[in-house]
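The values are calculated or read from the model by the stated rules, or taken from the named source; none is laboratory data. All figures in this text were calculated on a predicted structure; none of them were measured in a lab. For neighbour counting, all protein chains shown are included, and Cβ atoms are generated from backbone atoms with ideal geometry for every residue, glycine included. Heavy atoms of the whole protein, side chains included, go into the accessibility calculation; ligands, DNA and RNA do not. Shrake-Rupley method; radii C 1.70, N 1.55, O 1.52, S 1.80 Å.
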Amino acid sequence: MKHSRAAVLLACCTSACSGFDRQSAVDPAGPQAESIEHLFVFMVVIAVVVYIAVIGATIAIIRRRKATDEDPRSPSREASAARAIKLAIGVVVPVLFVLLVYDFSVGRSVNAMTNTPMLTVELTGHRWWWEVQYEDPIPQNRVRTANEMHIPVGRPVNVKLASHDVIHSFWVPNLAGKKDLIPGHVNEVIIQADKPGVYRAQCAEFCGAQHANMSMMVVAESPERFSKWIASQRQVPAPPVDTLAARGQTVFEGGQCAMCHAVASTRAAASIGPDLTHVASRLTIAAGTLKNTTANLGGWIVDPQGIKPGVDMPSNALSPTDLRALLAYLRTLQ
Ligand code: CUA
């Protein structure tokens, strides 16, 4: 894969710097993003040519005017200006038309349906996290997760976009363009990754205080690994055998956690916050804000407002033993 200098530079500037993810519109990893990158490069080239032409014309006009101002036979300033305007319109309008046609054709092609059977994922935006559900004709095969979307490489994925509250926008720069998540309306965007990797998605529509911390990981993996992942997500976690983790489950079900979160086959079945059935298998917590480590998870449970001010999750004043038990339990949710 060719990596242009601009791609490398922009990839460095725009990545979340968390080390394992990529986020760059000029480093496409799929056909949709590739055609958008071609459009971008084409527009930049045209813009540079137009810029150079404008600067060149300005210099030429200034020089000519100096010479003609002293010549009584030269045409008037008004006549020269009218001629320049006609010339500019004659050049600018066709150029804009070409850009417009190219832009429309890319817009149509990235949304064109393909013959390959598509995987359909329902993505719902919440302030400030992403709810991810995999459609399946068999209800118990549906998979529900949060802030992380796994997709098989080489296969188009139809992402149905909805919002629980305000307008959000789904953007995985390496895979596709932006598409809004609008309350009361379902939008669709097709994404496809041809190379395995972790691609960072970002909410691209200002949606409140923690808009910048509303990100998601799109994990593109081989079809075999993807099938394994889906199968593991369908599994109901076994009850903890470890006594500390078992105590943690009691803390989880009996405390504040269960009021907002769900874990399959437990008494926790709320859907206000992310489903935590397989939370330990995820790369990040708090919608891409922190890496999913035990220390980060502990800090997040105790003081979410310190990490993401304004988030719905309240602080949890747990005793050190209860916190340790809760963390031990959450770690079992693979
Ligand atoms: Cu959601 Cu910005």
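Worth pointing out:
- Alpha-carbon centroids, the range 263-281 and the range 127-144: separation in whole Å: 12 Å
- If you sort the three axes of the alpha carbon gyration tensor as a ≥ b ≥ c, you get a/c of 1.5 or more for the chain and a/b above b/c, which makes it prolate.
- Short-range pairs are left out: with C-alpha atoms under 8 Å and at least six residues apart, the relative contact order of the range 168-279 is 16 percent.
- Rolling a 1.4 Å probe over the protein heavy atoms gives the range 198-301 an accessible area of 44 Å² per residue.
- Gyration tensor verdict on the range 199-287 (Cα atoms; rounded if a/c is under 1.5, prolate if a/b is larger than b/c, oblate otherwise): oblate
- Cleavage-rule hits (chymotrypsin sites (Phe, Trp or Tyr not before Pro)) in the range 201-264: DSSP loop, at most 13 neighbouring Cβ within 10 angstrom: F206
- Only Lys, Arg (+1) and Asp, Glu (-1) charged, at Cβ; the chain dipole about Cα centre in debye: 840 debye
- Pairwise label distance in nanometres, A53 with I89, each label 7 Å out on the Cα-Cβ vector: 1.6 nm
- Other residues lying with their Cβ under 10 Å from the Cβ of A162 contribute a combined charge of -1, Lys and Arg counting +1, Asp and Glu -1.
- Compared with the direct C-alpha span, the chain from T250 to S105 gains 46.5 nm at full extension, assuming 0.36 nm per residue.
- Gain upon complete extension [R142, S271; 0.36 nm per residue less C-alpha separation]: 44.9 nm
- The range 47-144 - percent of accessible surface contributed by carbon and sulfur, probe 1.4 Å: 67 percent
- Membrane-span-like helices of the chain, defined as complete DSSP H segments with a Cα extent of 15 Å or more along the helix axis and a mean Kyte hydropathy of at least 1.0, are identified as 31-69, 77-110.
- For the chain, averaging the sequence separation of C-alpha pairs within contact (under 8 Å, six or more residues apart) and dividing by the residue count gives a relative contact order of 16 percent.
- Only DSSP H runs of four or more residues enter the estimate; each adds -39500 (n - 2.57), and after division by the residues of the chain the mean residue ellipticity at 222 nm equals -13500 deg cm²/dmol.
- Under 18 Å from K178, Cα to Cα: lysines that are on another chain or at least 8 residues apart: K160
- Counting only residues at least eight positions apart within a chain, or on another chain, the lysines with an alpha carbon under 16 Å from that of K308 are K291.
- Each Lys or Arg adds one and each Asp or Glu takes one away; over the other residues whose Cβ falls under 11 Å from the Cβ of V279, this sums to 0.
- T120 paired with I167, simple spin-label distance in nm, labels 7 Å along Cα-to-beta-carbon: 2.6 nm
- K160/R77 FRET efficiency (R0 41 Å; Cβ-Cβ; nearest 0.05): 0.10
- Taking the square roots of 5 times each eigenvalue of the Cα gyration tensor of the range 31-111, largest first, gives ellipsoid semi-axes of 39, 13, 4 Å.
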